[in-house]
Amino acid sequence: MFYIAYRATDIPSENAAFQAQTTKVYYAGGKGEIGQFATQNRESIPLADVPKVMQDAVVAAEDRTFWTNKGIDPKGIIRAAFSNAKGGATQGASTITQQYVKILYLSQERTFKRKIKEAFLSLKIQQKKSKSEILEGYLNTIYFGRGAYGIQAAANAYFGIPAKKLDASQSAMLAAVLNSPNYLSPDRSDTAREALLRRYDYVVSGMASMGAIPQSQAAEIAGKLPEIKKQVADNSYGGQRGFMLDMVKKELEHLGFDEAQIEAGGLRVTTTLTKKAMDAAEAGVTEQKPEGLPQLHASAATVDVKTGALLGFYAGQDFLKSQLNWAAIGDAPGSSFKPFALATGLEAGFSLKDTFQGSSPYRFPDGSTVKNEGQGDGHSYGAKIDLVKATQESVNTAYVDLTQSIPDGPDKIKDTAIKMGIPADTKGLDANARIALGSATVSPINMANAYATIANAGVHHNWFIVSKVTQASTGKVLYSAPLKTDRAIPEDIAADTSYALQQVVKGGTGVGAQGLGRPAAGKTGTATKTGGQVITSWFVGYTPQVATAVMYVRGDGQKTLEGYLNPFYGATYPTRTWTAIMKRDMDGVPVEEFPPPANVDGEAPDSGHAPYTPPPPKPSKTKTTIIPPATSQAPQEPVLNGVCDPAYGFPTDPDCPNPNPPTQSPTDTPTCGGILNPCTTPPGNGGGGGGGPGGGRIAYDGSYARQE
């Protein structure tokens, strides 16, 4: 039976992949090429040009019986058969001849049938080619990482020299890489470099035991890798292109494609990225980011609300200057994290009309405090303010009060954030009383995706960048991104959360985003680390179609913006940058309205947060004008245009309909006071009711609160 099968096995034509097909990456819909992976970086050379020490290193690493075996490893085949029979993982190639046959003639699939065919072909190749010919073919074919196929390209990629100049240490390192070119890359991480060193020492030991090098030389070169040339990206990776290709490659690896498939498998990868969104992100940042600040990085990311597709991003700088992708790395989001607490509070039973502490500081039982920073320490917004105003003005004390008023508040807020799109393993995502103030390290991509959940009526999608992968030679679809959805928060909770965020744009810290000229919602953020150093400033917002996050950071993310970027708050450069990007993104896109608020009003889990109800005016026989009492607190900036907000008890413009017609003898409408019609006399705080008459509208004036 074995003999018949052996005789029936013909040597096929060499794989087209022997010449390594280029993988190409395209914009969404295949509209334009972004770049390519490894256009077959190979230069075949005769075995005579390969140093004997390099030949011996490969034999020591991959097949120490190469010169004497029959081309196959019977024990390895038996192991493969046994593993296959038990349903376990199929074993990979073992001898150099088998590896060469697999590359040259067979597919990369790991099945027992292919393993048997590999063995038969190895025996036949052994009869047709000499060991030297097989080793030469192997050394010119095998992948060494860094896009290098064959020993000549590998010697240049790692050491900048031709193969004939390789010494014993360099040869051992290249042979060590062959075991797993992707994982054992010295560029990957410290962990990978340590693993490479262990494999390197194994090869050096084998070379000595084989007599390829003296024991004294082995002892001299063991334990330390040779000096490796720094990997330099070529011009095809310039600008944002390098970041785009890097992100695509990482997602392909996550999807199960190996290094050889990605670098030389002839794949056609269609991404979610659109040239319009990529150009919008770069142009918006370039337009708004101040010049002359080389340490300042502005990053951005835009996500499709309905699918989670990453449409565009800006990493912060040219890939050839720095490979730090701030759109994917991120930093502390500050108060742009507050919407997760807001959604949690609403779902717990609170309403937008419920009130929380606006005065500063908020004191914890242990004596520690949280302050509202603004015009001097202790900035107060009144004893009680509702959640709309707390969100508009980004009031720290109110949000800490909300967190403390929700049973298991910190844990529930963390859970909500994760459901909405913040990764569970996010650094610093700790369930503590200050969680709403945003000290975790979150990327603009993840923040944009989480806000997209709000815009999508509470339905969450994981963000993604690869939409489809096909095989160029056959047209076969190897991967198509599934559209997975899950309900993160109820639809009515999303509607009310979105309503509050719309008020941030209509008359709060994000008023600068009104420049978009269409319905928008969002939140500013300015994060500080211990000691009060301002390290990031943000604006995250959305329309009904797309969500975009913008982050400004300095240096490596640990240097303060204060005193370097002026003004540095999220209400300034980040909001302007967001607007500049979104204007380009939304050009030609139909205007859509947000759904109305649901006005959820469940059973509050904690007492003492009832909506503020101003006392009725005293009866008067004559018409009077009600002027809210002045307080010692001055407004931070002039009042800006507002909107009709009768649902939440705010004063309305004269043109707005009155939702509650008077049931008694009318008095004159107040001539001033409140959000929409400020008094010339400094307005009061409405007697502690942040949404009631007299509540001062505070937006940015150059000294806005850091908690924004």
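Selection of the stretch 260-290 for residues being of a type in the set (Gly, Ala, Ser), over 28 Å from residue 148 (Cα atoms) and surrounded by fewer than 24 Cβ atoms within 10 Å (Cβ to Cβ) yields only 283. Selection of helices (runs of 4 or more DSSP H) fully inside the stretch 392-456 by the criterion of at least 1 residues being among the charged types (D, E, K, R) returns 396-405, 409-420. Residue 560 meets the conditions (1) touching a Ser or Thr at 6+ places or on another chain (Cβ under 7 Å); (2) at pLDDT below 95; (3) of a type in the set (S, T, N, Q) in every case but one. The failed one is (1).
Could you go through the stretch 575-583 and let me know if any residue there is among the β-branched types (Val, Ile, Thr) and in contact with a Phe, Trp or Tyr (Cβ under 7 Å, 6 or more places away or on another chain). Show your work before the answer.
To start, the set of residues in the stretch 575-583 that are among the β-branched types (Val, Ile, Thr) comprises 575, 577, 579, 581.
Still in the list and also in contact with a Phe, Trp or Tyr (Cβ under 7 Å, 6 or more places away or on another chain): 575.
Yes, there is a match, as at least one residue in the stretch 575-583 is among the β-branched types (Val, Ile, Thr) and in contact with a Phe, Trp or Tyr (Cβ under 7 Å, 6 or more places away or on another chain).
Any idea which of 89, 85, 172 is in the same structural domain as residue 64 (by TED's automatic domain parsing) and at pLDDT 85 or above?
Details: 89 fails: at pLDDT 85 or above; 85 fails: at pLDDT 85 or above.
Exactly one of 89, 85, 172 is in the same structural domain as residue 64 (by TED's automatic domain parsing) and at pLDDT 85 or above, namely 172.
Of all the listed residues (352, 293, 346, 320), the sole one being in a loop (DSSP other than H, G, I, E, B) and buried (at least 24 other Cβ atoms within 10 Å of the Cβ) is 352.
Which one of 284, 349 is touching a residue at least 24 places away in the same chain (Cβ under 8 Å) and touching a helix residue (DSSP H, G or I) at 6+ places or on another chain (Cβ under 6 Å)? So that I can check it myself, show each step before the final result.
On the way: 349 fails: touching a helix residue (DSSP H, G or I) at 6+ places or on another chain (Cβ under 6 Å).
Matching residue, one of 284, 349: 284.
Matching residues to (1) in contact (Cβ under 8 Å) with a residue 12 or more places away in the chain; (2) in contact with a Gly (Cβ under 9 Å, 6 or more places away or on another chain); (3) among the small types (Gly, Ala, Ser):
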| site | (1), (2), (3) |
| --- | --- |
| 421 | yes, yes, yes |
| 425 | no, no, no |
| 431 | yes, yes, yes |
| 442 | yes, yes, no |
| 448 | yes, yes, yes |
| 452 | yes, yes, yes |
| 462 | yes, yes, no |
| 475 | no, no, yes |
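Quick check, is residue 441 of a type outside the set (Gly, Ala, Ser), in contact with a strand residue (DSSP E or B) (Cβ under 9 Å, 6 or more places away or on another chain) and at pLDDT below 95? Judged against the criteria, residue 441 is not a match. In the stretch 484-498, the residue that is nearest to residue 459 (Cα to Cα) out of those that are more than 22 Å from the chain's Cα centre (by Cα) and among the acidic types (Asp, Glu) is 491.
Being under 24 Å from residue 543 (Cβ atoms) and acidic (Asp, Glu) narrows it down to one residue among 354, 331, 318, 304; which is it?
Details: 354 fails: under 24 Å from residue 543 (Cβ atoms); 331 fails: under 24 Å from residue 543 (Cβ atoms); 318 fails: under 24 Å from residue 543 (Cβ atoms).
That would be 304, the only listed residue that is under 24 Å from residue 543 (Cβ atoms) and acidic (Asp, Glu).
Checked against (1) closer than 28 Å to residue 68 by Cβ; (2) surrounded by fewer than 18 Cβ atoms within 10 Å (Cβ to Cβ), residue 175 passes all but a single condition, namely (2).
The values are calculated or read from the model by the stated rules, or taken from the named source; none is laboratory data. Treat the numbers as computed from the prediction; the structure is a model and nothing was measured. No Cβ is skipped: glycine too gets one built from the backbone with ideal geometry, and neighbour counts run over all protein chains shown.
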